[in-house]
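To start, the structure itself, in structure tokens.
The values are calculated or read from the model by the stated rules, or taken from the named source; none is laboratory data. A quick note: this is a predicted structure, and the numbers were derived from the prediction, not measured. We place every Cβ from the backbone using ideal geometry, glycine too, and count neighbours over all the protein chains shown.
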Amino acid sequence: MQLKDMAGMLKQVQEMSKKMEEVQRELAKKSVTADAGGGMVKVTANGKHELVKIEIEKDLVNPDEIDMLQDLIVAAANKALAESAKMVQEEITKITGGMMGGANLEMLKELGLGG
């Protein structure tokens with residue numbers, strides 16, 4: 001590989017790195033919401049894969065049905081985190097033009113974008 005080619009590649013990597021940092025900041029501001037139990041439990045997660053809000057229908061709060069409530073919270077949380085990961089992947093694909101192909105979760109974690 002010639003020095004000119006390497007310099008060009010390095011410049012592309014630096015530009016992509018700057019774009020990734022910008023995406024990280026933007027993703028922290030974005031959120032997705034998922035629900036379970038027909039909307040009785042809603043969980044919102046941000047682009048940093050953090051849960052930021054949980055909403056529970058008042059009718060669902062019954063001490064005799066706490067097991068069902070706990071299951072619905074877990075289901076909604078898992079859906080929200082999956083949607084958050086999908087949102088991150090879509091944003092990365094926009095930047096890289098698909099060059100990273102199927103960037104896996106480990107690579108996203110290394111970039112500070114995974115949960």
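Is it fair to say residue 56 is under 30 Å from residue 15 (Cα atoms) and either aliphatic (A, V, I, L, M) or at pLDDT 90 or above (or both)? When the stated conditions are applied, residue 56 does not pass them. Residues of the range 34-71 that are under 17 Å from residue 87 (Cα atoms) and over 25 Å from the mean Cα position of the chain (by Cα): none at all. Which of the residues that make up the range 1-42 are assigned to a strand (DSSP E or B) and within 17 Å of residue 88 (Cβ to Cβ)? Once the filter is applied, which keeps residues that are assigned to a strand (DSSP E or B) and within 17 Å of residue 88 (Cβ to Cβ), the range 1-42 yields 31, 32, 33, 34. The requirement of being at pLDDT 85 or above and on the phi > 0 side of the Ramachandran plot is fulfilled nowhere in the range 5-26; no residue meets it.
Within the range 1-34, restricting attention to residues that are surrounded by 12 or more Cβ atoms within 10 Å (Cβ to Cβ) and of a type in the set (A, V, I, L, M, F, W, C), the residue that is nearest to residue 97 (Cα to Cα) is 16.
Here residue 73 fits the description: surrounded by 13 or more Cβ atoms within 10 Å (Cβ to Cβ), at pLDDT 90 or above and not in a loop (DSSP other than H, G, I, E, B).
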